[in-house]
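Worksheet: one structure, shown below.
The values are calculated or read from the model by the stated rules, or taken from the named source; none is laboratory data. Source: prediction; values computed, not measured. Cβ atoms come from the backbone with ideal geometry, glycine included; neighbour counts cover every protein chain shown. Surface accessibility is based on the protein's heavy atoms, side chains included, excluding ligands, DNA and RNA. Shrake-Rupley method; radii C 1.70, N 1.55, O 1.52, S 1.80 Å.
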Amino acid sequence: MLDGNGQRPVVRLDGVTMNASRAVWLLVHGDPGDDWVLHTCHRGLEGCINIRHLYLGDHDQNMIDKVEAERQARGEINGWHKLTEEQVREIRRRYVFRHPVNGGRALAAEFNVCESTISSVVNRRSWAWLADG
């Protein structure tokens, strides 16, 4: 059986419906409590329940794994993107740290985004994975 999103395999164990990987963890190691059962192989969506691939983590680790497994929509394939890769590289190339007049405000106006977007781009809080080039 698949979960409500049609993705991860789910099973019923002792009358409780749960992800199959969580059920395997529970049977082998006991109740993981509030921890998340994560996959070192990044193949949970494919139905991996190999106990050697499972480990416990939290939401933050799950988000890191999602990015590492390239399941996170980022850059131009993210439906919410405001900039293109080319624009991000141009902003980073042109941003001048010592001269605010040539920094975020002017670039924000030019690229029709807010100053915080420019700040996130140049400080690599967004588009961090994108190499300058």
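Of note:
- Qualifying residue in the range 58-66 (condition: of a type outside the set (A, V, I, L, M) and in a loop (DSSP other than H, G, I, E, B)): yes
- Check on VAL28, under 30 Å from GLU110 (Cβ atoms), assigned to a helix (DSSP H, G or I) and not basic (Lys, Arg): no
- Any hit, the range 54-68, residues being modelled with pLDDT of 95 or more and small (Gly, Ala, Ser): no
- Contact map, the range 45-64: residues that are within 15 Å of SER21 (Cα to Cα) paired with residues that are among the acidic types (Asp, Glu), Cβ distance under 6 Å, separation 6+ or inter-chain. Pairs shown: LEU56/ASP35.
- Residue match in the range 47-62 (condition: of a type in the set (Lys, Arg), open to solvent by 70 Å² or more (accessible area, probe 1.4 Å) and under 9 Å from the mean Cα position of the chain (by Cα)): no
- Failed condition for LEU107, given (1) among the aliphatic types (A, V, I, L, M); (2) within 15 Å of the chain's Cα centre (by Cα); (3) modelled with pLDDT of 90 or more: (2)
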